[in-house]
Amino acid sequence: MKQRVFVDVDDTLVLYVNPDDCSAHPFGAINGEPFVPNEELIKKLKDFQGDIFIWSGGGIAYARKVAEMVLRDSIEWIALGKHDSFSLVRPGDIVVDDQWYEMHTMKDFGVHVYSPTEEWK
């Protein structure tokens, strides 16, 4: 079975230029908040040999829009709405999310949950 990685959008796939302006950036990438792609994470995704899912609490359309903006056609990925997709995560999967500390229950059943700056693979 191929390994899979689930990557959050805001403050994970994209990093905001002024992260201290607010605690969360819902829809920030399409609402004009200045951001940069998380190039270190994108490089890891390009090297990853499994399935890549880009998800967001902002829903599937937002996840798709931002992934198209920063990943373009550089890798194959599937967009998901985060909260509707928790049930897809299975033991052995990797989750990369700035809210990793809120996903402690996933760790309880064998899912590896990492912050955006933490080494994974």
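At-a-glance table
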read-out: Sorted by Cβ neighbour density within 10 Å, fewest at the top, the residues SER56, SER74; value: SER74, SER56
read-out: The chain - percent relative contact order, Cα under 8 Å, separation 6 or more; value: 30
read-out: Built amide H within the under 5 Å cut-off of ASP93, gap 5+; value: HIS112
read-out: On Cα atoms only, tilt of 60-70 relative to the major axis of the chain in degrees; value: 70
read-out: Antiparallel bridge percentage (DSSP; both residues within the chain; nearest 5); value: 15
read-out: Sorted by Cβ neighbour density within 10 Å, fewest at the top, the residues ASP97, ASP73, ASP47; value: ASP73, ASP47, ASP97
read-out: HN-Hα J in Hz across segment 109-114 - Karplus 6.51, -1.76, 1.60, θ = phi - 60°, x for Gly and Pro; value: 10, x, 9, 8, 10, 10
read-out: Normalised alpha carbon radius of gyration of the chain [divisor 2.2 N^0.38 Å]; value: 0.98
read-out: Pairs of Lys in the chain closer than 17 Å at Cα, counting only those 8 or more apart or on different chains; value: 9
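No lab work stands behind these numbers, since they all come straight from the coordinates. Note that the structure is predicted; figures quoted are calculated from it, not measured. Ideal geometry is used to build each Cβ from the backbone, glycine not excepted, and the neighbour counts take in all protein chains shown.
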